[in-house]
Amino acid sequence: MTARPKLRILCFGDSLTAGYASWGAVHHPYNGMLEQMLSMAFPDLKIETVEDGLPGATVKSAFQTRMNAQFLAPSKKKKKRNDDGGDDGKHYDWAIVLGGTNDLGMGFPPEAIFESLKEVWDVPLSHKCKVLALTVPEAGVQGIARERIDASRNKLNDLIKGYKREGFHVYDLQKAVPYWSMSQSDRKRYWDDHIHFTPDGYDLIGNKVGIALVSLLAQERGNDPARPQNRRRMFKDDDTKFEEEVGDPSAIDQGYVVVRRADLE
């Protein structure tokens, strides 16, 4: 039997990637939901996600060393064979990178954080691994600090969204999962404190990032001349009208449960 092609994804960052909640008593990373989304959309692929989130880590101090370690080639003496006949080297097709929250909280200038992020992104890109950079989400900080942090975060996110490089993509997580414009009921459900999310919140991130990555992968397949161009369903019941689509459009969780090919074109 021919083995299914593998798609390996690195989810890299700080506590928001680690799924930190309940003051560290709970860890519920978003990569679990992300993997489910991709597996449903591409049943012909063997999806594998790896979570590398370190609570408290800053882009300027801890990210570079950890990212280098993820792409460090194994020595010939230690090289092993896996079940698919390949080696155990840390090869990834995509790296999803989220960082900057802690740097902003410590008062680092957004321009300096951005320069460090570019160095971090360069590691996977130099290994022919595509990057999906996530913008930094809002924080529920109030008072005088809010104005300063909001301005710095918005500047950093504008720099991230404006960066152009082959293999580099951006998903605006700040816009997708807001704090201040979210209803009180949604905020209670999805936000654990003014920085971190609840398990439901991390699943929401995995769902939304999953939709974005499904779209990018579908575009790749559509541009592949070796693949047939006939339309196929991305999910079972692809043409069905789902309850979420006729619900309250102001509820952040409605309309994001199911992805259909038509939504991506």
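The values are calculated or read from the model by the stated rules, or taken from the named source; none is laboratory data. All of these numbers come straight from a predicted model, not from anything done at the bench. Don't worry about glycine lacking a Cβ; one is built from the backbone with ideal geometry, like all the others, and counts go over all protein chains shown.
For Phe108, the conditions (1) part of a loop (DSSP other than H, G, I, E, B); (2) of a type outside the set (Lys, Arg); (3) modelled with pLDDT under 95 all hold with the exception of (3).
To keep it simple, each residue is scored yes or no on (1) loosely packed, with under 13 Cβ neighbours inside 10 Å; (2) free of Cβ contacts under 8 Å to residues at least 24 places away in the same chain; (3) in contact with a Lys or Arg (Cβ under 6 Å, 6 or more places away or on another chain).
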site	(1), (2), (3)
Arg146	no, yes, no
Asp150	no, yes, no
Asn154	no, yes, no
Leu159	no, no, no
Phe168	no, no, no
Ala176	no, no, yes
Trp180	yes, no, no
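Listed conditions (1) part of a loop (DSSP other than H, G, I, E, B); (2) surrounded by fewer than 14 Cβ atoms within 10 Å (Cβ to Cβ) are all met by Ile195, apart from (2). Where residues in the range 24-70 are closer than 24 Å to Glu111 by Cα and of a type in the set (Lys, Arg), which of them is modelled with the lowest pLDDT? Ranking the candidates gives Lys60 first. Every condition in (1) modelled with pLDDT of 95 or more; (2) in a helix (DSSP H, G or I); (3) out of contact with any strand residue (DSSP E or B) (no Cβ under 8 Å at 6 or more places or on another chain) holds for Glu245 except the one numbered (1).
Any idea how many residues of the range 112-137 are part of a helix (DSSP H, G or I) and among the hydroxyl-bearing types (Ser, Thr, Tyr)? Even if it seems obvious, please write down each step before you answer.
Filtering the range 112-137 for residues part of a helix (DSSP H, G or I) gives 112-126.
Adding the requirement that they be among the hydroxyl-bearing types (Ser, Thr, Tyr) leaves 116, 126.
Here the count works out to 2.
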